[in-house]
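Here is the structure we will look at, set down as structure tokens.
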Amino acid sequence: MTTSKPSNTAKSSNTPKPFAPTPFKPPFWLTNPHLQSILPKFFAPEVPNYRRALKQDSLCETDIAYDFYDAHPIEATDDGTLEQTPLVVLFHGMEGSSDSHYARALAYQMHSDGWHFVVAHFRSCGGIPANGRVFYNAGDTEEVHHMLQNLREQYAHIYAVGVSLGGNALAKYMGEYGDEALCEGAVVISAPVDMSSAALSMHSFLSHRIYTPYLLNPIIKKALANDITEEEIASIKSVNRISDFDNIFTAPRHGYRSKNDYYHSSSALPYLINVTHPLLLISAKDDPFIGFTATQGDVSDSVTILDTDHGGHIGYLRYRSASKQADTVKSSSKQSKKNGKKTRTSKFDINWIPETVSAFFHSIGIPSNDISLDNVSPENASPNNASNE
């Protein structure tokens, strides 16, 4: 695992701590990137009891779902006073939502740190259909800025996490907007910052056979449900690659000349040299999706690159040995007595990403409120009644 540290430019009321992430070292039998990419969803905690709010997108065409997991109740004020407890906003990946395994895990970690958490859904996601002409665009930084502006109306301090294509959009936003970016710091995970090479990676035999149907079928279904021409319907039904769908539907719908123009224009990689707020880029060298990743020569001094040997795509599934499991059970038992509730434990967990995000945010100076963990454990979470993919 290799890291490079940025200059400390974050604004904070807390003393920053050194960023020293725990190495991700799965046992040899869990290093396969496809296992790492597929299995985590089976070890996700229960869906938190989100509070849903709907707002219009940047084009005023479609409702967008914001699913909040509040650190504490927020009182409305008439004098324009902003909520001071930090808010962490998640920009999910393709066909992701607040129900995604990484969203659930992040929600609990951010909540345990005493921070507010929200999943800002992209168009057509989170169970809310897209009513306008445009859908999910991995380079739409205007939509990212619009979402952050909505949140900035209530929250004084905003930090962001982006995953996969949502991570590319966030990373591009951080570079494109520079000092004007509304999030004070960000973490980007498993992001295809060079979308052309990522598309080629998805054309490989295993990726095409394993992942393409899982990702492509839902977006085709959504596209066919939209107001599209008979010619578009026929073309969409014939595709069997995501790049074909992007060429036929995504690119022309969003004003690009072709899929190549879309990938080139939307990739975050050329913008990373202009990032001015602290940004952590996490990627696994064995990720089957993301293609070329950023090197130190591609980024500004505000960017930290964290490359791991293993982890797959948004995977980072860990297995705890018997001794580590005993430590976890002991710690969980203490918390259970405090809460008066039983706590289940598992030898597998997907908490490396949330823990690393938390460590980075602490390192750039976000204060931790150290709230009680009552109602934070997955066993105490209520199912989300919102529809999610």
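What pairs from K55/K222; K172/K222; K25/K285 go past 22 Å between their alpha carbons? Distance filter (> 22 Å) returns K172/K222. Placing a pseudo-label 7 Å from each Cα along the Cα-to-Cβ vector at E142 and L200 gives an inter-label distance of 3.1 nm.
Using the Cα coordinates of segment 10-95, the gyration tensor eigenvalues translate into equivalent-ellipsoid semi-axes of 34, 23, 14 Å, sorted from longest to shortest. For D261 and K41, the difference between the fully extended length at 0.36 nm per residue and the C-alpha to C-alpha distance is 75.9 nm. Taking K237 as the anchor, which aspartates and glutamates have their alpha carbon closer than 18 Å to its alpha carbon, excluding any fewer than eight residues away along the same chain? Straight-line reach from K237, under 18 Å: D227, D246. A P(r) calculated from all alpha carbon pairs of segment 26-154, with 10 Å bins opening at zero, reads 12, 38, 32, 15, 4, 0 percent. Of interest is the spacing of the C-alpha centroids, which for segment 256-323 and segment 50-86 amounts to 29 Å. The simple Förster model, with R0 at 41 Å and r as the Cβ-Cβ distance, assigns K17 and S235 a FRET efficiency of 0.20. Bridging of K347 to aspartates and glutamates at a Cα separation below 18 Å is possible for E46, D327, E355, E379, once same-chain residues fewer than 8 apart are set aside.
Sorted into 5 angstrom bins from 0, the C-alpha pair distances of segment 206-321 split as 2, 9, 15, 15, 17, 15, 13, 8, 5, 1, 0, 0 percent.
Rule-based calculations on the coordinates, nothing more; no lab input. Computed from a prediction, not measured in an experiment: that's the story for all the values here. Neighbour counts run over all protein chains shown; Cβ positions are idealised from the backbone, glycine included.
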